[in-house]
Amino acid sequence: MTMQNTPGGTVTIARRDVARIGYGAMQLERLSHDPDAAASVLRHALDHGVDHIDTAEFYRNGFVNSVIRSVAGVRNDVFVATKIGATPNPGGPLPLRAAQRPEQLRASVEDNLRSLGTDILDLVYLRRMDVGPGLRPEGDQIVPMDDQLATLTALRDEGKIAALGISAVDADGVRHALPAGITAVQNAYSLVDRQFEGMLELCSAEGVAWVPYFPLGGAFPGLAKVTEQPAVLDAATRLGATPSQIGLAWLLQHSPDIALIPGTASIEHLDENLAVASIELDAETLATLDVLEPVGAGEIQWATEV
Ligand SMILES: NC(=O)c1ccc[n+]([C@@H]2O[C@H](COP(=O)([O-])OP(=O)(O)OC[C@H]3O[C@@H](n4cnc5c(N)ncnc54)[C@H](OP(=O)(O)O)[C@@H]3O)[C@@H](O)[C@H]2O)c1
């Protein structure tokens, strides 16, 4: 890991140094009616130093991957991390359903290879469903992690995956996956939801990158938002920054092992998020935010947004 506890700089994931402010591509789903607009947002990110994109084939059924392929497909300098473990659920009660079985994982890797237009995936997160927020597995979708890791390490041996990560797990899950050589962990984590603070420490001790999803609390209705916290709003007013910038700056300064992947469909918001690289919170602000009582993630209300 690159031990540089400054807002900008790089973090090492899978032996690749990437800018600490990356881009979570899930919000591009909201632009599926306008692929050119989605491509513009992503191109803007890459033109302004983003070299770490987070995606999944199940983000609008391959749409987000197709945008990444069109914009970044020929660029070897862009690190693309994807996730497997769910699949679109058209017409179902929820927009996604679990796809945790080993044969489904293998098929999802093939789908990602195809839609991203590559022979090898830089990083694949096994998206478990052990902890929320989000889907929980039922019936034959409750699969032992060892069976899944066996499939994924085989795919790595076959040269289809360069590196493995794990997502939506508890600390025992991380410990269980460490011998498989996982290089990054993704759980929900932000100023409003610090239940996995101990897991961040575990990852730091093991040289594993911590890539929090919902770094601003996510877009889904029902989830607590970092930008609505009074202490965040106060700090933003005092420092002349936006509330989002305060939330992201706190994450960057909280641990050098955090790689950010904030999601946005707005170029203006993207610029704000990238500018966090040059924002350094003073000691008093950090101390105030450090002791903020997390309100908890909340529960996703699925009906209104995929
Ligand atoms: N491993 C997993 O299970 C998992 C689960 C969920 C997400 N993820 C990944 O994590 C990434 C980040 O999570 P996320 O996108 O769900 O949530 P997030 O980054 O916490 O928040 C996204 C929301 O914040 C808004 N936003 C972003 N920048 C802003 C700014 N500067 N000012 C005001 N609002 C701003 C976005 O709206 P606008 O579009 O209007 O800016 C959107 O509503 C995803 O994109 C995805 O790649 C992984």
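Every number here is computed from the coordinates shown, using simple stated rules; none is lab data. What you see is a predicted model, and the numbers here were worked out from it, not measured in a lab. Here Cβ is always computed from backbone atoms with ideal geometry, including for glycine, and neighbour counts include all displayed protein chains.
Counted without the sites themselves, the longest stretch of the chain free of trypsin sites (Lys or Arg not before Pro) in a DSSP loop having at most 15 other beta carbon atoms within 10 Å is 76-306.
The label-point distance for residue 130 and residue 47, in a model that sets each label 7 Å from Cα toward Cβ, rounds to 4.3 nm. How far is helix 197-206 tilted off the main Cα axis of the chain, in degrees rounded to 10, range 0 to 90? Rounded to the nearest ten degrees, it is 70.
Please compute the length gained on full extension between residue 162 and residue 293, using 0.36 nm multiplied by the number of residues separating them and subtracting their Cα-Cα distance.
Contour length minus Cα-Cα distance gives 43.3 nm.
Loop-located chymotrypsin sites (Phe, Trp or Tyr not before Pro) across segment 63-172 with a Cβ neighbour count of 14 or fewer within 10 Å are lacking, with loop assigned by DSSP.
Over segment 10-304, what is the percentage of antiparallel beta bridges among all DSSP beta bridges, to the nearest 5? Before the final figure, lay out each step's value.
Values: 9 of 32 bridges.
Just about 30 percent of them are antiparallel.
The calculated FRET efficiency for residue 103 paired with residue 268, based on their beta-carbon distance and R0 = 45 Å, is about 0.55. The calculated FRET efficiency for residue 228 paired with residue 119, based on their beta-carbon distance and R0 = 45 Å, is about 0.55. Estimated from helical segments only, the mean residue ellipticity of the chain at 222 nm is -10500 deg cm²/dmol, where each DSSP H run of four or more residues counts as -39500 (n - 2.57). Here is the list for segment 70-175: GluC sites (Glu not before Pro) lying in DSSP coil, each with at most 12 other C-beta atoms within 10 angstrom of its C-beta, are 138, 158.
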